[in-house]
């Protein structure tokens, strides 16, 4: 395994930070001082111009303490009840610690279905992107109040990785109760060696991952390695570091022990490669003006569309063809084929009048188009 220079947060444009339950909640109580320290870290990153998303565990653990529920595995209905109580307290806690730094927060609750369904995926991406561009720090959690096993991530490590890829983050930091990946479980094997940099997630690396050891968090090293595979495939480097110290991100920058999983390409290129590998569901023929606009890196607007062929849904891939039938590119449509047919040739400001509801200005956004 090759050794590269360890990663840093320098120059990161978008950073996703995942907070484990064991760090945030202790004996059913919120670690308010620790959370205030994390808020200072978020403010530090933001002052550099880095956009931040927090993926926070802890709603069930916090709600369990508030409701005085017993330790151990809870029935589904009690787990969801605890989540519903904990989520509102957790959101308020983040708001209170970030307010003094003039940082606005937003709560986003997701399930596995939201990333598996293309329409929901595009909606999630658009919402998160809009919040970040408005200077907001989104607080994301799995929607434990409604999620059942078949629509669950089951852990926030993989949720965080999916969020990182969805919004094109270049760094994902998993704040955990362990300080990285070892060749074996260091609590039972004194010969276990810490791995500071992982350039390639081989079957051997996957075999090194063990099961959860914390009584609070669900995500063990196995889920973290799974998250790393998702993250680096999307062009986002991922770090695992022990986060219980008061300023965990500052500590990371000052040399705290960490395992970095390196990415070989940037998020934009990885996303375009992902889109380019899709099988088109339909075709959209555009005029010469739209061809010229796309060549300049602009989005495809309805006004430039001349013909819509095939049947496709929102978020599905379609071929974009020029007036002569030449392939221009492949992109994800923000409208169904029926909607695209209705608004073709129309100006964006007329979409609401045509469809009866407001829509996206672009039929295919430039970030969702491979030319």
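Some points to look at:
- Residue 9 surrounded by 16 or more Cβ atoms within 10 Å (Cβ to Cβ) and in the same structural domain as residue 165 (by TED's automatic domain parsing): no
- Candidates in region 252-264 are the residues that are touching a helix residue (DSSP H, G or I) at 6+ places or on another chain (Cβ under 8 Å) and either over 19 Å from residue 230 (Cβ atoms) or surrounded by 15 or more Cβ atoms within 10 Å (Cβ to Cβ) (or both); of these, the one that is modelled with the lowest pLDDT is 263.
- Applying the criterion of being farther than 28 Å from residue 117 by Cβ and touching a residue at least 24 places away in the same chain (Cβ under 8 Å) to the residues of region 277-294, the residue that is surrounded by the most Cβ atoms within 10 Å (Cβ to Cβ) is 291.
- Taking helices (runs of 4 or more DSSP H) as the structural unit, those lying wholly within region 20-106 and holding at least 3 residues that are at pLDDT 95 or above and either under 20 Å from residue 9 (Cβ atoms) or in contact with a helix residue (DSSP H, G or I) (Cβ under 8 Å, 6 or more places away or on another chain) (or both) correspond to 32-47, 76-98.
- When every residue of region 113-127 is checked against the conditions, none turns out to be crowded, with 18+ Cβ neighbours inside 10 Å and within 18 Å of residue 45 (Cβ to Cβ).
- When region 295-316 is limited to residues that are farther than 11 Å from residue 363 by Cβ and touching a strand residue (DSSP E or B) at 6+ places or on another chain (Cβ under 6 Å), the one that is modelled with the lowest pLDDT turns out to be 315.
- The residue that is modelled with the lowest pLDDT, counting only those in region 210-239 that are in contact with a helix residue (DSSP H, G or I) (Cβ under 6 Å, 6 or more places away or on another chain) and farther than 15 Å from residue 159 by Cα, is 216.
- Selection count where residues are surrounded by fewer than 20 Cβ atoms within 10 Å (Cβ to Cβ) and in a loop (DSSP other than H, G, I, E, B), scope region 316-343: 6
- Residue 7 falls short on exactly one of the conditions (1) under 30 Å from residue 197 (Cα atoms); (2) more than 19 Å from the chain's Cα centre (by Cα); (3) assigned to a helix (DSSP H, G or I), and that condition is (3).
The values are calculated or read from the model by the stated rules, or taken from the named source; none is laboratory data. On a predicted model such as this, the values are computed, not experimentally measured, just so you know. Positions of Cβ are generated from backbone atoms using ideal geometry, with glycine treated the same way; all protein chains shown enter the neighbour counts.
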